[in-house]
Amino acid sequence: MSFYAVIMAGGVGKRFWPQSRKKTPKQLLSIAGEESMLRMTVDRLKQLTETDHILIITNSEQEQGIRQEIPELPENNILIEPEGKNTGPAIGLAAIIIQNRDPDAVMGVFPADHFIDDVKVFSNYMRQGIKIARAMQGLVTFGVIPTRPATGYGYIQYHERTSPDEPIFEVKAFAEKPDYSTAQLFLDSGDFLWNSGMFVWHVDAILNSFKEFLPEIWDSLENIKRAIGQPVWDSVLTVEWATLRSISIDYGVMEKAKNVFVVKVDFVWNDVGSWDAVHEMQEKDESGNVSKGDVLYHDSKNNLVFSEGKTVALVGVENLVVIDTEDALLIIPRGETERVKELVDDFEKEKRDSLL
């Protein structure tokens with residue numbers, strides 16, 4: 001039984017403006033290390049399967065950058081969505097293509113832009129998930145043991161261990177991103193995990209779930225599947241895709257399905273959701289500053305500064321994020337960097353395309 005890994009790489013990463021743009025999105029940036037986040041993701045997954053069993057799903061604006069970043073991937077292993085429709089349709093599209101190649105395959109789904117510190121430990125947990133997906137024909141997700149009452153993550157509540165020797169549990173409920181007090185209650189209860197957004201399942205299991213819970217999307221996927229390898233592929237995909245509603249796999253399937261399991265994983269994980277997360281995870285100097293580029297500090301602490309060209313000097317300031325690029329400069333207090341998305345949304349409304 002083959003294992004295929006699908007990388008979700010269609011997001012723009014608005015919270016990482018001004019470095020992240022439509023053609024150079026977050027996953028193509030080296031913000032969590034020396035290599036791009038997409039490259040680190042691909043290299044992790046090569047520990048689990050062959051390169052030709054790794055697929056990336058993205059959009060036409062990012063296609064060229066991804067092909068240049070991951071040149072070893074076969075040409076038809078980069079799947080192009082006609083437009084973004086959230087994770088549900090994207091995963092369905094990948095599932096029918098994998099099923100067409102190998103009807104008995106197990107597939108995993110992985111975000112392109114997460115940081116995981118220990119590849120060996122990651123691989124061991126993934127193999128446990130693959131094993132349960134094969135044995136139980138269930139939908140397997142991965143929950144990270146929480147270390148703080150984080151409000152930026154969804155949560156998974158679990159119960160009933162499926163095996164006394166493995167960290168695999170039945171899922172009781174999914175919870176959206178909570179406020180701080182609710183997150184603290186989750187942490188105190190001891191039966192909640194952070195939702196990592198990683199999944200493993202047999203292709204039949206996930207497509208049967210589409211048929212049960214998202215029948216209108218499943219109908220379109222069946223029509224698209226019949227066009228695989230045919231001259232009408234592009235036109236059928238475009239027409240059917242336009243009819244699909246935008247819906248996440250969590251809301252559309254995982255929250256409704258009964259055969260859902262979670263592997264409790266214990267490794268350093270970060271979804272790198274904002275510039276604040278970059279400061280949190282990167283090595284700091286003795287004053288708590290994180291720097292990339294030519295940066296000078298005087299009586300300044302706990303700052304994050306990235307400079308692509310000119311020298312940047314900070315004097316007598318604390319807790320700032322400063323991102324300097326060729327055509328834009330961002331200055332924002334730490335703790336407020338989630339609001340960068342609001343700024344980019346305003347650019348879109350004002351049609352300031354040169355900034356997008």
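Some values worked out for this structure:
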{"quantity": "Scan of region 308-320 for residues that are modelled with pLDDT of 95 or more and either outside the structural domain of residue 330 (by TED's automatic domain parsing) or more than 29 Å from residue 196 (Cβ to Cβ) (or both), ordered by number", "calculated": "311, 312, 313, 314, 315, 316, 317, 318, 320"}
{"quantity": "Residue check for residue 252: within 23 Å of the chain's Cα centre (by Cα) and either surrounded by fewer than 17 Cβ atoms within 10 Å (Cβ to Cβ) or of a type outside the set (Asp, Glu) (or both)", "calculated": "yes"}
{"quantity": "Check on residue 266, assigned by TED's automatic domain parsing to the domain that holds residue 200, within 26 Å of residue 22 (Cα to Cα) and either touching a residue at least 60 places away in the same chain (Cβ under 8 Å) or not hydroxyl-bearing (Ser, Thr, Tyr) (or both)", "calculated": "no"}
{"quantity": "Exclusive hit being buried (at least 16 other Cβ atoms within 10 Å of the Cβ), assigned by TED's automatic domain parsing to the domain that holds residue 25, at negative phi and part of a strand (DSSP E or B), set 157, 99, 128", "calculated": "157"}
{"quantity": "Top-ranked residue in region 9-51 [being of a type in the set (Asp, Glu) and either touching a helix residue (DSSP H, G or I) at 6+ places or on another chain (Cβ under 6 Å) or in a loop (DSSP other than H, G, I, E, B) (or both); ranked as farthest from residue 341 (Cα to Cα)]", "calculated": "50"}
{"quantity": "Matching residues, region 26-49, being of a type outside the set (Ser, Thr, Tyr) and touching a strand residue (DSSP E or B) at 6+ places or on another chain (Cβ under 9 Å)", "calculated": "27, 31, 32, 33, 37, 38, 40, 42, 44, 45, 46, 48"}
{"quantity": "Qualifying residue in region 55-71 (condition: assigned to a helix (DSSP H, G or I), hydrophobic (A, V, I, L, M, F, W, C), within 19 Å of residue 12 (Cα to Cα) and under 16 Å from the mean Cα position of the chain (by Cα))", "calculated": "yes"}
{"quantity": "Residues located in region 203-250, provided they are basic (Lys, Arg) and in contact (Cβ under 8 Å) with a residue 24 or more places away in the chain", "calculated": "225, 245"}
{"quantity": "Given (1) assigned to a loop (DSSP other than H, G, I, E, B); (2) closer than 30 Å to residue 109 by Cβ, index of the condition residue 261 fails", "calculated": "(1)"}
{"quantity": "Candidate set from region 217-249 (those that are more than 26 Å from the chain's Cα centre (by Cα) and hydrophobic (A, V, I, L, M, F, W, C)); member that is farthest from residue 100 (Cα to Cα)", "calculated": "239"}
{"quantity": "Looking only at region 162-200, and only at residues there that are aromatic (Phe, Trp, Tyr) and part of a strand (DSSP E or B), the one that is farthest from the chain's Cα centre (by Cα)", "calculated": "169"}
{"quantity": "Hits in region 115-132 (condition: of a type outside the set (Phe, Trp, Tyr) and in contact with a helix residue (DSSP H, G or I) (Cβ under 7 Å, 6 or more places away or on another chain))", "calculated": "116, 119"}
{"quantity": "Any hit, region 313-328, residues being exposed (fewer than 15 other Cβ atoms within 10 Å of the Cβ), under 23 Å from residue 27 (Cβ atoms) and of a type in the set (A, V, I, L, M, F, W, C)", "calculated": "yes"}
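The values are calculated or read from the model by the stated rules, or taken from the named source; none is laboratory data. All values derive from a computational prediction rather than experimental measurement. As a convention, Cβ positions derive from the backbone with ideal geometry for all residues, glycine included, and neighbour counts pool all protein chains shown.
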